[in-house]
Amino acid sequence: MANTILVGAQWGDEGKGKIIDYLTDKVDMVVRSQGGANAGHTVIIGKNQYILHLIPSGILRPRKKCVIGNGVVIDPPQLVKEMTGLERKGVKLKGRFFISDCAHLVLPYHKELDAARDASKGKKAIGTTKRGIGPAYEDKAARNGLRMGDLVNPAVFEAKLKDRVRAKNKELKALGQKPLSFAKIHAEYRKAAKKLAPYVTNTVVLLHQALQKKASMLFEGAQGTFLDIDHGTYPFVTSSNATSGGACTGSGVAPSRIDKVLGVMKAYTTRVGGGPLPSASDDISDMLHNMGREFGATTGRPRRCGWFDAVAVRHAVMVNGIDEMAVTNLDGLDGLAKIKVCVAYKIDGKRTNYVPSDIGTFAMCEPVYRTFPGWQTSTEKITAYQDLPLNARKYLKALAELIGARMSIVSVGPARDQTMVV
Ligand code: IMP
């Protein structure tokens, strides 16, 4: 398979974990390049369910190599927990899992600050995952961050951590929070460092050596286009570039080495956390929640659900350069007699086909819907595209035309075999 960047074309939770797992069979390496433990990629293999927050989902395929790139922010105790969880299930990591020495650390003060700051915003809260993502990226940009390379160097780590805890405790105090103990953090992180050290390396060199040997790579995006710090619905976004460009900066693999960008989208829309969602619908939310669907993999929060927003996904196709699209959760619509699709927005009565960059204007967007007939039959056991009900195929064809990308994969359930190539 060609070197492919896989991106979420909506607000995250598009079902990327499953598509990544499906595609990993065809590549040599899987690379993560942004975000952190805010992500939650769910993969179901047989009777086992795996939820991975930091380790690329490719790890579940034996012999594939997995890399956490420089652009990721790593919570070391969380990573150790994930590694030991996988090892307990018989997944081997030695020789196939690599962590960038330039990836920044998430420290306990990042998590405390994340929660305290978001809580202080009241109704304007972003609704972050409280995994310390924003504060960790802030420290990276402010050049105050600690990196994996520091963690595995005991003397450097001790000195830098002492300095940072002192400064961060002042900030926590100002927010009415208790100070954190340097000794406790130091002990916990040094323990994690011992487990992680053998895996920490210069992943830029590693990836380039692999490219020279013609290895094929899948860059697994976390979050989604509208959570991107630049292209998302700012400020209701995460703190990294979740769009395709982030895969290059976050791994050190240049754009000229990339062959394809694959988008992943749901057949409807969901969003977890704050911020506007023009096509939100109580009807579809209630239906999906009653089916036990659409609860966050990382936080367990119910996701807000809505009709498919073709304006938003068209925008995602544009900013990511999406060549092909995988559509997931088609089966979520199986029971509906009528399915709406948002084809344009109205702002103050004026029709627009674009996503406005200003959040205030975006919040004013009223959806313009086109209604499609449903198929009202289960698609869960269908394994070939031509066997999908006619109305389901018509719906997918219309979505492809509306977003301007070819539909190449359709998923009708969480399992590996509930996937069909178009
Ligand atoms: P943060 O990334 O924890 O700072 O959260 C910022 C926003 O992004 C919040 O609205 C989160 O709910 C959302 N978010 C972060 N990661 C994910 C994800 O993996 N899936 C869906 N939403 C996410």
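Table for the structure above
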item	result
Candidate lysines for bridging to Lys65, where Cα separation is under 23 Å - those fewer than 8 sequence places away on the same chain excluded	Lys16, Lys18, Lys26, Lys81, Lys89, Lys92, Lys94, Lys194, Lys195, Lys213, Lys214, Lys260
Computed log₁₀ I(q)/I(0) - Debye formula, equal Cα scatterers, no solvent, the chain, q 0.06, 0.07, 0.08 Å⁻¹	-0.24, -0.33, -0.43
Selection from Ala142, Tyr395, Val313 lying farthest towards where the dipole of the chain points positive, charges on Cβ	Ala142
Using alpha-carbon coordinates, inclination of helix 108-120 to the longest axis of the chain, degrees	50
Label-reachable residues, the stretch 135-152, where backbone N falls under 17 Å from a point 7 Å from Arg166's Cα toward its Cβ	144-146
Whole-Å distance, taken between Cα centres, linking the stretch 192-249 and the stretch 41-109	13
Rough spin-label spacing in nm, given labels placed 7 Å along Cα→Cβ, for Lys338 and His289	2.3
In the stretch 15-102, chymotrypsin sites (Phe, Trp or Tyr not before Pro) in a DSSP loop with at most 10 other beta-carbon atoms within 10 Å	none
Ser281, Ser251, Ser216 arranged by Cβ crowding within 10 Å, fewest neighbours leading	Ser216, Ser281, Ser251
Lys, Arg +1 and Asp, Glu -1 on Cβ, resulting dipole of the chain about Cα centre, debye, nearest 20	1140
Full-stretch length increase - Leu93, Asp230 - with 0.36 nm per residue and alpha-carbon distance subtracted	45.9 nm
Cα-based helix-to-principal-axis angle, 203-212 vs the chain, degrees rounded to 10	60
Separation in nanometres of the label points that stand 7 Å from Cα toward Cβ, at Asp387 and Ala415	1.2
Difference of contour (0.36 nm per residue) and Cα-Cα distance, Lys26 to Thr352	113.3 nm
Within the chain, helix-based [θ] at 222 nm, where runs of 4 or more DSSP H residues each add -39,500 (n - 2.57), nearest 500	-10000 deg cm²/dmol
Pairwise FRET efficiency - Glu324 versus Tyr369, Cβ, R0 = 35 Å, nearest 0.05	0.85
Positive-end residue of Leu54, Gly15, Val106, charge dipole of the stretch 10-160 with Cβ unit charges	Gly15
Average projected area [Cα convex hull, the stretch 104-195], square nanometres	5.9
Under 17 Å from the Cα of Lys173 - aspartates and glutamates, other chains or at least 8 residues apart	Glu112, Asp114, Asp118, Asp163
FRET E, pair Gln376, Thr84, Förster distance 41 Å, beta-carbon r, rounded to 0.05	0.35
Inter-site label distance for Lys191 and Ala2 at 7 Å from Cα along Cβ, in nm	4.8
In degrees, nearest ten, helix 310-320 long axis to first principal axis of the chain (Cα)	40
Backbone N under 18 Å from the Ala119 label point (7 Å along Cα→Cβ), restricted to the stretch 169-183	169-181
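Each reported figure results from applying straightforward, stated rules to the coordinates on display, with no laboratory input. Values in this document were obtained by computation on a predicted structure and should not be read as measured data. Virtual Cβ from ideal backbone geometry, glycine too; neighbours counted across all protein chains shown.
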